[in-house]
There are 2 protein chains.
Amino acid sequence: MPKERQGRPRDSQIDHTVIETVRKLLAESGYERLNIDAVAARAKVGKAAIYRRYASKAELAFAATVHDVDDLPPPADTGSLRGDLLVIAHRVWRRMNDPAARQVGPAIIAELSRSPGLAARFQQGLLAAERQSYATVLNRAADRGELAGPVDPELVHLLVSGPIFFSAYGYQIPMDDERLEAIATTVALGLTGTTR
Amino acid sequence: MPKERQGRPRDSQIDHTVIETVRKLLAESGYERLNIDAVAARAKVGKAAIYRRYASKAELAFAATVHDVDDLPPPADTGSLRGDLLVIAHRVWRRMNDPAARQVGPAIIAELSRSPGLAARFQQGLLAAERQSYATVLNRAADRGELAGPVDPELVHLLVSGPIFFSAYGYQIPMDDERLEAIATTVALGLTGTTR
């Protein structure tokens, strides 16, 4: 049996059922009221099967809302850094604006500061995938001759994802298409120094 | 007696003692362990006096860490939009990087989503003062002829404070002077469209 793929079909079915149940419970009654007993009862699986997979309620909610990140491809080439950044900005916003993610987001943020394991998984999962998208579109921009010199993908990650994150969890002002476009346009112009 | 200033000296002394005690307890043992009983005992004031001022533990921690915002003046004129934004960026970062603020920040974020009253106070206090600083430096930039047209202060608030907030509570990568400078430079260049 190949070492890297140990799960039997029945296990992956349990994974799927548990995650779907958590998403439903979050949408119905929010993060505060989520508990492992309710998940086990509703999903018809043993509590031990859940605890074997997730160490805490926060881990479970995290897995159910920060999902599918391994499949995140870099965006298709739009022909300009501005266009590529706008595609990523829309994607980041859609993910944060998902109803289950909005329910659990503030609690996840609080939990990240308490749980180094969860913070590491967030870094190595979603944030790494996002940073890879920024690195890819910066490489394209360099190939097009849009950039005068090298640009740190982490800086661009902060400059584009940061305002969207702040609008959702700090500033609490609504994000819309016009604002996403203004963010992508300003950052692209700031990085390229031209109005193209 | 003037209506706008009702507090007797003894009351403002209690305010000060309570807030200082909360800041000490937060620094000593964190937000999780903070409770009104401990604050009352340590500050030698009655619990009723605390509850009369603050409806919850979150409100108390908020008051103790998001403080002095009424006195926040707009930054002195540095002669350029880039320089002015850099002063604000440093100020925002210093406030978020304060030890008591770091202890309580993630819990406050979680509480903002549950407490409309706290969210309103955050909007009308710290965030309004910050936005006023951004509006002031944008007006100066317009007077200097740095801007081609009107710029929304909320957009610039998102673009400069957003990356700093995201680095502290989402991305969790360290902020430093070089990065603050890169943020201010990129945003200023994006808004002015020149390399000045």
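Just so it is clear, none of the values below were taken in a lab; they were calculated from the coordinates. On a predicted model such as this, the values are computed, not experimentally measured, just so you know. Here Cβ is always computed from backbone atoms with ideal geometry, including for glycine, and neighbour counts include all displayed protein chains.
Calculated FRET efficiency, A:Glu32 to B:Asn139, Cβ-Cβ distance, R0 = 35 Å: about 0.20 to the nearest 0.05.
Ignoring the sites themselves, chain B has its longest run without GluC sites (Glu not before Pro) in a DSSP loop having at most 14 other Cβ atoms within 10 Å at B:33-196.
What percent does the relative contact order of chain A come to when contacts are Cα pairs within less than 8 Å and at least six residues apart? Relative contact order, chain A: 22 percent. Starting from the label point of B:Lys24 at 7 Å along Cα→Cβ, the same points in the other copies fall at 5.3 nm, in ascending order. Within segment A:13-75, the trypsin sites (Lys or Arg not before Pro) that combine a DSSP coil assignment with at most 10 other C-beta atoms in a 10 angstrom radius are A:Arg33, A:Lys44. Rounded to the nearest 0.05, the FRET efficiency derived from the C-beta distance between A:Ser56 and A:Thr17 at R0 = 25 Å is 0.85.
Taking every C-alpha pair closer than 8 Å and separated by at least 6 residues, the mean separation divided by the residue count of segment B:9-65 gives a relative contact order of 43 percent.
Dipole of segment A:69-192 computed with +1 at Lys/Arg Cβ and -1 at Asp/Glu Cβ about the Cα centre; of A:Leu159, A:Gln172, A:Ile109, farthest Cα towards the positive end is A:Ile109.
Roughly how tilted is helix A:81-97, in degrees to the nearest 10 and between 0 and 90, from the longest Cα axis of chain A? The helix A:81-97 is inclined about 20 degrees to chain A.
When A:Pro116 is represented by a point 7 angstrom out along its Cα-to-C-beta vector, the spacings to that point in the other copies are 4.2 nm, nearest first. Pairs of Lys residues in the protein assembly as shown, spaced 8 or more positions apart or belonging to different chains, with C-alpha separations under 18 angstrom: 10 in total. Couplings for segment A:11-24, taken from phi via the Karplus curve 6.51 cos²θ - 1.76 cosθ + 1.60 with θ = phi - 60°, read 5, 5, 5, 4, 3, 4, 4, 4, 5, 5, 5, 4, 4, 5 Hz in order; Gly and Pro are left as x. For A:Ala76, inter-copy separations between label points set 7 Å beyond Cα along the Cβ vector come to 5.4 nm, shortest first.
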